[in-house]
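Here is the structure we will look at, set down as structure tokens.
The values are calculated or read from the model by the stated rules, or taken from the named source; none is laboratory data. Just so we're clear, the structure is a prediction, and the values are computed from it rather than from any experiment. No Cβ is skipped: glycine too gets one built from the backbone with ideal geometry, and neighbour counts run over all protein chains shown. What goes into the accessible areas is simple: the full protein's heavy atoms, side chains included, and nothing from ligands, DNA or RNA. Shrake-Rupley method; radii C 1.70, N 1.55, O 1.52, S 1.80 Å.
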Amino acid sequence: PSHCKKPCNSGEFSATGLEPCSPCPLNFYQPSLGQQRCLECPKDTITNSTGRSLETECKALDCAGVKCQNKGN
């Protein structure tokens, strides 16, 4: 029936855990179906895109190639 909603896929979330869903934001992931929130990547790790579903997609933050401006470190 049309009133039935699918659970959110991994890498997605919603207030109810059901469609319509949004992708997990940057630096968050969600491995399970039908979730209401995403999990934050561990300390000093980031994702390079939204909608990540695995903790292994959280990569170590590498600032070596980044130049700071305004005398920042």
Compute the Kirkwood hydrodynamic radius of the chain, taking the inverse of the mean of 1/r over all pairs of distinct Cα atoms, and give it in Å to one decimal.
13.4
Once the whole set of protein chains is in place, how much accessible area is left on residue 13, using a 1.4 Å probe, in Å² to the nearest 10?
60
For the chain, the percent of accessible surface on carbon and sulfur atoms (probe 1.4 angstrom, ligands and nucleic acids excluded) is 52
Within the range 26-67, backbone nitrogen closer than 14 Å to the virtual label 7 Å beyond the Cα of residue 19 toward Cβ:
34
Using a 1.4 Å probe on heavy atoms of the protein chains only, the accessible area for residue 59 in Å², nearest 10, reads 120
Quickly work out the residue 64-to-residue 6 label distance, labels modelled 7 Å from Cα along the C-beta direction, and quote it in nm with one decimal.
4.2
